[in-house]
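Just so it is clear, none of the values below were taken in a lab; they were calculated from the coordinates. None of the values given here were measured: they were computed from a predicted structure. Neighbour counts run over all protein chains shown; Cβ positions are idealised from the backbone, glycine included.
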Amino acid sequence: MTIEMSPELTKMIRSWRIEEGPSRREVAARATRHLGLDPSDNQLAGRALCSEAAELLGGEPWN
């Protein structure tokens, strides 16, 4: 599955992971639900989403 990282999604992922602190699985599930895709609670997908969002925002990884 490929997810296009819009600025909105990037900021949402950062907010979820830093402010709310869900697991990577939950980040993947929230992102796929937000985008209307088949739900995914894959930990590796969540890690990739967090890493990509951190890179796009130009900060330190908060994976």
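Go through S40, S51 for me and flag whichever is in a helix (DSSP H, G or I), out of contact with any strand residue (DSSP E or B) (no Cβ under 7 Å at 6 or more places or on another chain) and either hydroxyl-bearing (S, T, Y) or at positive phi (or both). Going through S40, S51 in turn, just one is in a helix (DSSP H, G or I), out of contact with any strand residue (DSSP E or B) (no Cβ under 7 Å at 6 or more places or on another chain) and either hydroxyl-bearing (S, T, Y) or at positive phi (or both): S51. Looking at (1) loosely packed, with under 14 Cβ neighbours inside 10 Å; (2) outside any helix (DSSP H, G or I); (3) among the β-branched types (V, I, T); (4) touching a residue at least 12 places away in the same chain (Cβ under 8 Å), find the lone condition where T2 falls short. Failing condition for T2: (4). Among the residues making up the range 29-63, those that are small (G, A, S) and surrounded by fewer than 14 Cβ atoms within 10 Å (Cβ to Cβ) are G36, G58, G59. When E19 is tested against (1) within 12 Å of the chain's Cα centre (by Cα); (2) assigned to a helix (DSSP H, G or I), just one condition goes unmet, and that condition is (1).
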